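Notes for the one structure printed next.
The values are calculated or read from the model by the stated rules, or taken from the named source; none is laboratory data. In this text the structure is predicted, and so the values were computed from the model without any measurement. Methodologically, a virtual Cβ is constructed for each residue, glycine included, from the backbone with ideal geometry; neighbour enumeration extends over all protein chains shown.
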């Protein structure tokens, strides 16, 4: 991944307006966060391949960046985005946030087809 | 009779960090080693250093890393269960125990390694450890494989006492280090820190290369 260029991301985001698309949205501080101190708790959530449709969407900020997508009945929001996959296209857009240690802290992804249902079977 | 070893862990690299040296020693002694790996670590946070993976490429990368690590460790029978990282605890526990049980029977395992239930921090670890115990409990006690469990919760020493098995792995540390390196996306940053500070006996990785500790599970 590479540092986000909002001027390249915005036109791709716009391509996803007003159609059913698959969303992967995730935030995490890691399952081992609990080991860092008594008061720290592991916090995270993800949704994968949820179908959404939005009429408006913007990437904002000066880095790290935010994304807000406006749907008929609600919003999708992400902050702390630092990197994007430059191979992204109007079919699949991958954004992520990484902390100072390079660990993923948030992933925000849109695709016109479902994200790979990766199966490890048949090694 | 040479032992027939079964490893049950949910994430590629669990086997290496917890037990890499022990596995190499089993392989060198001529044991056959089967590894049931639950997921591809799809939700890992470590993406390499520099970052080489993204959320979508990570599973395939980790699968290749695991295959390479298995070569370094001497694991010849790698079986992937195909669960999704972070979701193992929500799967049908009975069905998971069935699959583990079938493999235990098939390979006639004499020794099994997994995490210590209640002391392995990650919910996927806990779920696979519990399923493993459930599977082994179906076997009469006098025929049941020996079960060793790895614990690393912050209170495991208080609750469980000192591990009864402490294995000196210094003579196979190079092999373990190669397996750690094979898990590049997951270990790159730890390795950088280690190499910067290789002579520091307290460096994070040093303890992984000296001894491995685990508990013989006591059936109740």
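Within region B:44-83, the set of residues being assigned to a loop (DSSP other than H, G, I, E, B), facing chain A (nearest Cβ under 9 Å) and in contact with a strand residue (DSSP E or B) (Cβ under 9 Å, 6 or more places away or on another chain) comprises B:44, B:45, B:47, B:51, B:53, B:54, B:55, B:56, B:81.
Consider residue A:81 carefully, then state whether it is within 15 Å of the chain's Cα centre (by Cα), surrounded by 20 or more Cβ atoms within 10 Å (Cβ to Cβ), in contact (Cβ under 8 Å) with a residue 24 or more places away in the chain and closer than 15 Å to residue A:15 by Cα.
Criteria not met by residue A:81.
Determine whether region A:25-32 contains at least one residue that is assigned to a loop (DSSP other than H, G, I, E, B), over 12 Å from the mean Cα position of the chain (by Cα), farther than 30 Å from residue B:10 by Cβ and at pLDDT below 95. Steps first, answer last, please.
Going residue by residue through region A:25-32, those that are assigned to a loop (DSSP other than H, G, I, E, B) are A:29-32.
Now restrict to residues that are over 12 Å from the mean Cα position of the chain (by Cα): A:29-32.
Subset that is farther than 30 Å from residue B:10 by Cβ: none.
Scanning region A:25-32, I find no residue that is assigned to a loop (DSSP other than H, G, I, E, B), over 12 Å from the mean Cα position of the chain (by Cα), farther than 30 Å from residue B:10 by Cβ and at pLDDT below 95, so the answer is no.
In region B:1-43, the qualifying residues are those that are part of a loop (DSSP other than H, G, I, E, B) and more than 27 Å from residue A:27 (Cβ to Cβ), and the one that is farthest from the chain's Cα centre (by Cα) is B:1.
The residue that is nearest to residue B:77 (Cα to Cα), counting only those in region A:110-123 that are at the interface with chain B (Cβ under 10 Å from one of its Cβ atoms) and modelled with pLDDT of 95 or more, is A:115. Just one of the listed residues (B:170, B:129) is surrounded by fewer than 13 Cβ atoms within 10 Å (Cβ to Cβ) and either in contact (Cβ under 8 Å) with a residue 12 or more places away in the chain or in contact with a helix residue (DSSP H, G or I) (Cβ under 9 Å, 6 or more places away or on another chain) (or both), and it is B:170.
For region A:66-109, filtered to residues that are touching a helix residue (DSSP H, G or I) at 6+ places or on another chain (Cβ under 7 Å), within 12 Å of chain B (Cβ to nearest Cβ) and not in a strand (DSSP E or B), the residue that is nearest to residue A:51 (Cα to Cα) is A:88. Within region B:84-105, residues that are more than 14 Å from every other protein chain (Cβ to nearest Cβ) sit with their Cβ atoms under 6 Å from residues that are assigned to a helix (DSSP H, G or I) and surrounded by fewer than 19 Cβ atoms within 10 Å (Cβ to Cβ), at 6+ positions apart or across chains, in these pairs: B:97/B:134. Scanning region A:47-62 for residues being within 15 Å of the chain's Cα centre (by Cα) and either surrounded by fewer than 11 Cβ atoms within 10 Å (Cβ to Cβ) or in contact (Cβ under 8 Å) with a residue 60 or more places away in the chain (or both) gives a total of 3.
In region B:114-123, is there at least one residue being facing chain A (nearest Cβ under 9 Å), on the phi > 0 side of the Ramachandran plot and either modelled with pLDDT under 95 or buried (at least 16 other Cβ atoms within 10 Å of the Cβ) (or both)? Yes. Given the conditions (1) under 29 Å from residue B:123 (Cβ atoms); (2) under 12 Å from the mean Cα position of the chain (by Cα); (3) more than 7 Å from chain B (Cβ to nearest Cβ), report the number of the one that residue A:40 does not fulfil. For residue A:40, the failing item is (2).
Being within 20 Å of residue B:14 (Cα to Cα) and modelled with pLDDT of 95 or more is the filter; apply it to region B:136-153 and report the residue that is farthest from the chain's Cα centre (by Cα).
The initial filter retains those residues of region B:136-153 that are within 20 Å of residue B:14 (Cα to Cα), namely B:146-153.
Applying the additional criterion that residues be modelled with pLDDT of 95 or more yields B:146-151.
Details: B:146: 16, B:147: 13, B:148: 11, B:149: 10, B:150: 8, B:151: 11 Å.
Result: B:146.
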